[in-house]
Amino acid sequence: MANHLFLPLISPMLASALALLFARDKTRMVARVIVLASIIFNLIYSIWLLWVVGNEGIQVTQGAGWEAPFGVTLVADGASALMLCVATLLMLVTVSYSFASLDPGYENFFYYPLLLLLLLGVSGAFLTGDIFNLYVWFEILLLASFGLMTLGGSRPQLEGGLKYVVLNLFGSTAFLVACGLIYGTVGSLNMAHVAERMSSVTNPGIVTVIACLFFFAYGGKAAILPLFFWLPTSYHTPPVAVTAIFSGLLTKVGAYSLYRVLGLVLQDELIRLAPFVLAVAGLTMVVGVFGAMAQMNVRRILSFHIISQIGYSLMGLGLASAIGLAAGLLFTAHVMIVKTALFFIGGAAEQVYGTGDLKKMGGIARREPLLSIFWFLGILSLAGIPPMSGFFGKLALLQAGINQGALLISVVAAFTGILTFFSMLKIWNEVFWKKSYGDMSKLPRVTPGLLWPGAILVIISFALGIGAGGLVDYSQMAGAQLFDRAAYISSVCGSNGCEAVVDLALR
């Protein structure tokens, strides 16, 4: 058994507890070292796990030695290993950006322990093989993210946090109801066991209800149409570092959960609901990009683009095939990196001016040429222009859509990409290119600590685009694993399946 799968959960749990002891001015550096050490360890481990899964296949372990489907199961396949690696990378860069940008007062109120708690919830959600434990990890995410969103206690933060929590509570309620219905229907919550027993359910109506409840629960967390309204009203209120890590992780955990539960456990129902999912994906793309075009604040524009880009991830799910899921995973990994980078770079420009209002900014290209170059490369990647990673993510989705005859969603995706580029050019023109209204010599310069976190992620996007062949191959392997129920069941419960384990236990 791969007992090492507990390591990315133990590390942030212990580090957050230790960081709590040193969350004061005199011991701040100790807390920073603890946090960095934990995240670097998780990143090294997740890179190694990518290699192990790619070469040895799905990794599984059972908590306390209980066999599946009775115990707590952790599973690392291509999808979960990829998402874990990207999430840990983003957390490391976010902590580095926080060192340079955050008011020291935040550190006294447990900012870094909350970040580690967020990483713990994200890692658990990616690795769990049990639907109820996925709910538990989501609640840990909710606790940490609410704390980070409202840390500082300003009125806009509290208003945004309230909207965020209320919708997530509705989603959590739907999640619990779906869990109860699944357990009442098949008598299990282990994903492999549920997937195995779903084929014998004689009441298709209850399966449709369960799938729709999960779609609502995860869709709200992913900010799909029409459940996205909380995101643009809340994501611009906390510090830039918090907004950036939220943009990279929170909605993507919702998208991943849709892939895992609908793409694997309720796969037959996903195939039936595929036209509906594609319709929601297309509307999410279009509404998000038009919402971005109507905004005049850097972070609000980027927040609406989170919604638009989630539509592409949802498109991969709606194609309801291994190649569709593979393309969706490829795109999701790319957009996690690029969106976080753009928030960092936009946040650096915002700190120079003390505002994110486009009408009060301008002239940064002449004063901060490196920041401007990395911003432009970032918007090229977000819009899907080669050689950046976004081109290959969107190309994979378009190829999968055309090959499966989903021409309408493919046209919408291409059209949205064009609009994305033009809407992001608005920020380029207003913030970087046009002349400043005032004397910029009196404004602060962008420090290396504010520049390089976003720059590193843009460079990674460029490198992934140049070496896209390996990433495409890996995503195809991950998509095939995600859509192969038989292989997943065999990996978790053995070659005879979960029912054989249950029968043996009952003898």
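Assorted remarks:
- Restricting region 469-507 to residues that are among the polar types (S, T, N, Q) and not in a helix (DSSP H, G or I), the residue that is surrounded by the most Cβ atoms within 10 Å (Cβ to Cβ): Asn496
- Count of region 19-31 residues which are part of a helix (DSSP H, G or I) and either hydroxyl-bearing (Ser, Thr, Tyr) or crowded, with 18+ Cβ neighbours inside 10 Å (or both): 3
- Of the residues making up region 283-303, just one is under 27 Å from Gly205 (Cβ atoms) and not aliphatic (A, V, I, L, M), namely Thr284.
Let's see how each residue does on (1) among the hydrophobic types (A, V, I, L, M, F, W, C); (2) surrounded by fewer than 22 Cβ atoms within 10 Å (Cβ to Cβ); (3) under 18 Å from Lys434 (Cα atoms); (4) touching a Ser or Thr at 6+ places or on another chain (Cβ under 8 Å):
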residue	(1), (2), (3), (4)
Lys360	no, yes, yes, no
Leu371	yes, no, yes, no
Phe374	yes, no, yes, no
Leu382	yes, no, no, yes
Ala396	yes, no, no, yes
Gly401	no, no, no, yes
Ala406	yes, no, no, no
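- One residue stands out in region 38-66 among those that are at positive phi and in a helix (DSSP H, G or I): the one that is surrounded by the fewest Cβ atoms within 10 Å (Cβ to Cβ), namely Ala64.
- Among all residues of region 433-448, there is at least one that is at pLDDT 85 or above, assigned to a helix (DSSP H, G or I) and either among the β-branched types (Val, Ile, Thr) or out of contact with any Pro (no Cβ under 9 Å at 6 or more places or on another chain) (or both).
- Flag if Leu118 is touching a Ser or Thr at 6+ places or on another chain (Cβ under 7 Å) and part of a helix (DSSP H, G or I): yes
- Test: Gly187 is surrounded by fewer than 21 Cβ atoms within 10 Å (Cβ to Cβ) and either free of Cβ contacts under 8 Å to residues at least 24 places away in the same chain or out of contact with any Ser or Thr (no Cβ under 8 Å at 6 or more places or on another chain) (or both): yes
- The lone criterion from (1) buried (at least 21 other Cβ atoms within 10 Å of the Cβ); (2) out of contact with any strand residue (DSSP E or B) (no Cβ under 9 Å at 6 or more places or on another chain) left unmet by Gly356 is number (2).
This table checks each residue for (1) over 21 Å from Tyr259 (Cα atoms); (2) surrounded by fewer than 24 Cβ atoms within 10 Å (Cβ to Cβ).
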| site | (1), (2) |
| --- | --- |
| Tyr106 | yes, yes |
| Leu118 | no, no |
| Phe126 | no, no |
| Gly129 | no, no |
| Phe132 | no, yes |
| Gly147 | yes, yes |
| Thr150 | yes, yes |
| Gln157 | yes, yes |
| Asn168 | no, yes |
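- All conditions in (1) surrounded by 17 or more Cβ atoms within 10 Å (Cβ to Cβ); (2) among the hydrophobic types (A, V, I, L, M, F, W, C); (3) within 21 Å of Arg366 (Cα to Cα) hold for Leu425, with the sole exception of (1).
- Per the listing Ile379, Ile373, Ile385, the residue uniquely in a loop (DSSP other than H, G, I, E, B) and closer than 28 Å to Ala413 by Cβ is Ile385.
- Residues (crowded, with 24+ Cβ neighbours inside 10 Å and either closer than 20 Å to Gly160 by Cβ or within 14 Å of the chain's Cα centre (by Cα) (or both)) located in region 261-303: Gly288, Ala292, Val298, Ile301, Leu302, Ser303
- Test: residue in region 431-451 that is crowded, with 22+ Cβ neighbours inside 10 Å, within 21 Å of Ala348 (Cα to Cα), within 22 Å of the chain's Cα centre (by Cα) and not acidic (Asp, Glu): no
- From Ala327, Ala322, Ala294, residue being free of Cβ contacts under 8 Å to residues at least 12 places away in the same chain and either of a type in the set (Gly, Ala, Ser) or closer than 20 Å to Ser80 by Cβ (or both): Ala294
- Test: Met315 is at pLDDT 95 or above and either surrounded by 21 or more Cβ atoms within 10 Å (Cβ to Cβ) or charged (D, E, K, R) (or both): yes
- Region 407-419 residues that are more than 8 Å from Val286 (Cβ to Cβ) and of a type outside the set (Lys, Arg), paired with ones that are at pLDDT 90 or above and loosely packed, with under 14 Cβ neighbours inside 10 Å (beta carbon under 8 Å, 6 or more apart): Ser410/Ile402
- Any hit, region 352-370, residues being in a helix (DSSP H, G or I), under 19 Å from Ile224 (Cβ atoms) and either at pLDDT 85 or above or among the charged types (D, E, K, R) (or both): no
The values are calculated or read from the model by the stated rules, or taken from the named source; none is laboratory data. Predicted model only: the values in this text are computed from it and were never measured. For neighbour counting, all protein chains shown are included, and Cβ atoms are generated from backbone atoms with ideal geometry for every residue, glycine included.
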